[in-house]
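Read through the structure below, which is laid out as structure tokens, and then see the notes.
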Amino acid sequence: MKTDRFDNKYASIPADMFTPVNKDKVLTDQKFDTKPVGYLTDAWRRFKKNKGAVVASIIILIMVLFAIIAPFCSNYEMDEASGYYKHARPKVSFMDNTGTGLWDGTYVKDQPFQDYINYVGIAIGSMYDGSDSICDWNEVESSKYNPIKKVLKQYKQTLTMHGEQVVEDRYEYRIDSYHEVGFIRVEGLTEEEYNNILAWEKETGLKVLYPLVDTTNANAFNQSNLNEVYQDNYWYWHDSNNNPIDKDGNILTLEQIKENGLVANYRYGYVETEDGQYVCDGTNYYDITGLSTEEIVSAARLVSQYKKDSKGEYAFKDGDYVLASTLTEEEQATNTDRYKLNFVATSGTDGEYVFDGDQYKKVADLTADQLKTAYPRYASTFTLTTNSKDGKYVFYNGKYMDFFEYQAASGLGMSASAEWNKITEKYKADYTLSADGDYVKNSNAYILASTLSDAQKASLVKYYNLEWNTDRKNPAPGTHMYSNGEYVRIVGLSDEEIVELMPKYNLEMMMYRRTGAGGKNLTVRVLYYNYYQYLNDKEPIFLFGADAQGYDIFVRLAYGARLSFVLSIIVVILNLAVGIVYGSIQGYYGGKVDMIMLYITQILGGVPTIILVTLFKMHFVDTGKISQLTALILAFAALGWTADASAVRMQFYRFKHQEYVLAARTLGASDFRLIFKHIFPNAIGTLITGWAFVIPGVIGSETFYSYLGIINFNGTDMTSIGTMLANGQTAGIDRFPHIVLFPALILGLLMIAFNLFGNGLRDAFNPSLRGSED
Amino acid sequence: MSTLKYILKRFGLMIVSFLIIMVICFILIRMLPFKSEAQGQAALVEAARRDALGYNKPIMEQLWIYAKNVITKWDWGVSWKIDYMADVTDVVGDRLIPSVLINLYEMLIAIPIGIFFGIIAALKKNKWQDQVISTGVMILISVPSFVYAFLIQYVLGFKLGWFPPVASSLADAGGSYFSWTMTKSLALPVLSLALGTIAGYTRNVRAELTEALTSDYMLLARTKGLTKGQAIVRHALKNAMVPILPGIIGGFIAVLLGSVAIERVFAVPGVGNLYVKAISLRDYDVFIYVTAFYTFLGLAAGILIDLSYGFLDPRVRVGGGK
């Protein structure tokens, strides 16, 4: 059937039906069109196909570039610590001022009203321009210098304080960690530095210097509960709970502040009155009469040549201070400008003197006419006696008389009192002062203040509500000021009172205070954000934030990564060098040699690295023999090479008995040649895979030891990611998470990248191992 | 017979290694200068005591005294800095419980979870479940545990406030390591430790089970009529566990080792923290004792793992020669 048919058909095919294929042709293998693929090229092709590994290599490349380049690009140096920007949050410039909380240098704070106002106050204070102009609240809120970037929540909270229920206004806001510093006090500036700042302000248009806060004004400034660092942010009137207040002590509400701003409490440095000009050295006002015009113009910058203490006034003579009372009148007039005044009151008890152009004469000895010509002050029809306690006198008909004498002499009778008042109109002040003491007005008579009780004083005259800090009985000229037609003493009055009494007088805020020997050092109040720019020529922006010491985390991370790379590469090289030689000898010679060498590696394998690192540190680093880095390298290398050695040994066992080795040996190859030319190359794949895993291992261990503080790289010239982690933990991960999180992220990324890269390399070099993860 | 010989050989090598390491360590430590912080009368007493204990004799003689004390009296010296004049065995003993506790809890949590994820990943190989698990494993294996411990501490401890961010002291926990306060405060260190271990077990189980699932005996099991589930549980899983078990056994020895970095992150008053403290305070006797402790446990765990391979897997013959 089927078979039969087949048989029938093909059973006998004639030979001539066959034609040999390729008859008379020379057959050769076709030459390869492509080049042969080498071991490494093959591996590279496989590696390229592994997406994860390629991405990982790119990440590693970026990290390496970061470690190399970042220190050159960064605005900051490794050892550059900004004390006021400790813990500054990460910020990028394009997110600045957005209030989004994303990389804009802010963090969230929940605080009571007082603190909220204190921060907003920085913005209001930064707008000071020399006048008392009221600032626009919108402008304040959007100000760059406003640390409050966004108010998230405003609520009321009931607290129990001292057993009482108190409702507290609270705010939750995003606060900029760069601007929250606000104003600070800078001490010890030289005059030159001060001028440099002024020049810089002009050049850039940024304001650095702000008036000093009047910390002596007990009504406006509460020193007790404030950290001195932040005192300069309390430039406004506030009470002991730090509430903003007005001058009557009423707490300002937010609405009032929005409308009228805060009440400034700046120190007035320069005061001009009709009887002279005064400079303030921060505590006392000094007369500057006798200073040149230029000196007066820059009055606030001078320390007067005039001096006064409990012994009396001093004149500046021949480069030294001499007690004025020891000089003759002539000497007084010639030696010091100050004594060129035509009127003088000595600090003694003998009263006032006038200078008639020739000599000083005692007022009491002169007639009224003489007085008038000698000094305009005495041109008044009214005077106070210099040594009586019996009230006031008018100068009438060439004679001083009291009210009753005046009543009789004028013949006015009962209506004399109106006329009396008219004559003495400018003396409506409640208070007046004469050389023999203060007087206060009681209905229509002046009473010597010293005869009154304190309570009476207080009820009669408001000035007696003040605390006077000098002996009022012996007022000295030059410490008075003119108010309401009467001279009052400046010493003892607060700036506020001076301003209140003399609104028309030219006042200037005190921009600095002199300290130190000869007043050579200046203390100023600066807006730190701008002062930082003046000092460093750059805006403070820390890409990854600043750590607890104010170091830039970004640049230190780059140095940390650099240390990790350098360390791991050196360790890998050392491991390879020792491991290859050791493993080759072991594998090639085998037998007894191998056994002994194997025991050595096994013992080494039992040594915990932590112990070796510690011993190296204690023995060599603490005694100053080697650096910490060297110790770490040696410790890692001392234990690390065994893995390479055993890998090489294994490859030798696999290949040393193969035929090609035998063939080479037969041909007379030396041991050295056999080892390194014929057998060792087989181990290269394993070794490459190995070092790709050793690098993350070394980085991980280094981080581990420096985190534990066994090796401490916390310096200005070197740091490690582990040290940064430890520092971050000390600073407090709950409050300043960025100090830990950035190093942790970089380290994590690095470790993941290296492991992926290592997996890729292993798959590429040993395709048979693909998929098995270890 | 050869197995017994191998075991003896391993033990011998272990003891030799241990002795060599300890002798080197002892000599290096005793060579370091000792700085006393005691003053006045106390300094004199201390100096006299040190003299009496032979600290001023030549190092080899010191070694002899030390070895003699350890062997005859189990006297490992006293702490000079941490717990002044307390026996180091007591000093370490006090801190052993928290270390063991966190590691024990960690093992108990990590083993079942790790095996569970490993099985899922192997069964769903190359599906999304496997990819998610493998990615997680890769991250957790690569990143050192103390690095993500920070993250755990920050998120769970501080931000969400679910657990105490640091371990309680014994006094706060009511004087017991087993009180609820203490257990709760140990949650975060346990979790931080467990994540790495879970990842390790997941990876190993996945690899072993994948291999088992593609074996010929699985095909046989299916052809003889077992369902897929039966085949996996009775055959694949059983075989896949063989290489996993030695690791688990070794792990239980390692519970004594504690975890230096994690203990430091969470301020656990354990051996790891003690060790770092001994280094920073230069409390040399404590350092030597903890070193001995660590070295011994490390070597013992290694041997136990190797030997258990032989007992669990008849295919592995230990010490079988060439």
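The values are calculated or read from the model by the stated rules, or taken from the named source; none is laboratory data. Model, not experiment: these values are computed from the prediction. Note: ideal-geometry Cβ built from the backbone for every residue, glycine included; neighbour counts use all protein chains shown.
Scan A:Gln586, A:Gln602, A:Gln533 and give me the residue that is under 30 Å from A:Ile679 (Cα atoms), more than 12 Å from chain B (Cβ to nearest Cβ) and assigned to a helix (DSSP H, G or I).
It is A:Gln586.
Can you find a residue in region A:670-678 that is surrounded by fewer than 16 Cβ atoms within 10 Å (Cβ to Cβ) and in contact with a Ser or Thr (Cβ under 9 Å, 6 or more places away or on another chain)?
yes
Quick one: would you say A:His162 is over 28 Å from A:Thr523 (Cα atoms) and either surrounded by 14 or more Cβ atoms within 10 Å (Cβ to Cβ) or of a type outside the set (Ser, Thr, Tyr) (or both)?
yes
Please find, within region B:107-132, the residue that is nearest to B:Gly247 (Cα to Cα) out of those that are within 14 Å of chain A (Cβ to nearest Cβ) and not aromatic (Phe, Trp, Tyr).
B:Gly114
This table checks each residue for (1) modelled with pLDDT under 75; (2) away from every other protein chain (no Cβ under 14 Å); (3) more than 28 Å from B:Ala301 (Cβ to Cβ).
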{"position": "B:Gln39", "(1), (2), (3)": "yes, yes, yes"}
{"position": "B:Ile65", "(1), (2), (3)": "no, yes, yes"}
{"position": "B:Ile71", "(1), (2), (3)": "no, yes, no"}
{"position": "B:Trp74", "(1), (2), (3)": "no, yes, no"}
{"position": "B:Val88", "(1), (2), (3)": "no, yes, no"}
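Pairs, please: C-beta under 6 Å, at least 6 apart or cross-chain, first residue on the phi < 0 side of the Ramachandran plot and in region A:587-600, second in a helix (DSSP H, G or I) and among the aliphatic types (A, V, I, L, M)?
Between residues of region A:587-600 that are on the phi < 0 side of the Ramachandran plot and residues that are in a helix (DSSP H, G or I) and among the aliphatic types (A, V, I, L, M), the close pairs are A:Tyr588/A:Ile675.
Could you run through region B:138-173 and say how many residues are touching a Lys or Arg at 6+ places or on another chain (Cβ under 7 Å) and more than 10 Å from chain A (Cβ to nearest Cβ)?
2
Tell me, yes or no, whether region A:628-644 has at least one residue that is out of contact with any Leu (no Cβ under 6 Å at 6 or more places or on another chain) and in a loop (DSSP other than H, G, I, E, B).
no
Among the numbered criteria (1) more than 27 Å from A:Leu725 (Cα to Cα); (2) more than 9 Å from chain A (Cβ to nearest Cβ), which single criterion is violated by B:Thr135?
For B:Thr135, the failing item is (1).
Looking only at helices (runs of 4 or more DSSP H) that fall completely inside region B:185-278, which ones have 3 or more residues that are within 11 Å of chain A (Cβ to nearest Cβ)?
B:187-213, B:260-265
Taking the condition among the aromatic types (Phe, Trp, Tyr), assigned to a loop (DSSP other than H, G, I, E, B) and either over 27 Å from B:Gln129 (Cβ atoms) or free of Cβ contacts under 8 Å to residues at least 40 places away in the same chain (or both), does B:Phe163 pass?
For B:Phe163, the condition - among the aromatic types (Phe, Trp, Tyr), assigned to a loop (DSSP other than H, G, I, E, B) and either over 27 Å from B:Gln129 (Cβ atoms) or free of Cβ contacts under 8 Å to residues at least 40 places away in the same chain (or both) - is met.
Any idea which of B:Arg30, B:Arg10 is of a type in the set (D, E, K, R), within 14 Å of another protein chain (Cβ to nearest Cβ) and under 16 Å from B:Ala292 (Cα atoms)?
None of the other options fit; the residue is B:Arg30.
Taking the residues in region B:279-312 that are within 12 Å of chain A (Cβ to nearest Cβ) and polar (S, T, N, Q) as candidates, determine which candidate is farthest from B:Leu4 (Cα to Cα).
B:Ser280
Condition first: of a type in the set (A, V, I, L, M) and on the phi > 0 side of the Ramachandran plot. Now tell me which residues in region A:48-91 satisfy that.
none
Given the conditions (1) in a helix (DSSP H, G or I); (2) within 30 Å of A:Ser706 (Cβ to Cβ); (3) within 14 Å of chain B (Cβ to nearest Cβ), and given that A:Val572 satisfies all but one, which numbered condition is not satisfied?
(3)
State yes or no: is A:Lys49 modelled with pLDDT of 80 or more and within 26 Å of A:Pro681 (Cα to Cα)?
yes
Report whether or not A:Asn196 is of a type in the set (S, T, N, Q) and either at pLDDT below 85 or surrounded by 14 or more Cβ atoms within 10 Å (Cβ to Cβ) (or both).
no
Quick check on B:Arg222: is it modelled with pLDDT of 85 or more and under 23 Å from the mean Cα position of the chain (by Cα)?
Considered against the rule, which asks whether it is modelled with pLDDT of 85 or more and under 23 Å from the mean Cα position of the chain (by Cα), B:Arg222 comes out as no.
Can you name the condition, by its number, that B:Thr202 falls short on among (1) on the phi > 0 side of the Ramachandran plot; (2) touching a residue at least 60 places away in the same chain (Cβ under 8 Å)?
(1)
With the condition being touching a Gly at 6+ places or on another chain (Cβ under 6 Å) and more than 14 Å from chain B (Cβ to nearest Cβ), I'd like the helices (runs of 4 or more DSSP H) fully within region A:656-774 carrying at least 1 qualifying residues.
Ranges flagged: A:737-765.
Check A:Ala577 against each of (1) more than 14 Å from chain B (Cβ to nearest Cβ); (2) more than 40 Å from the chain's Cα centre (by Cα); (3) surrounded by 17 or more Cβ atoms within 10 Å (Cβ to Cβ) and name the one condition it does not meet.
(3)
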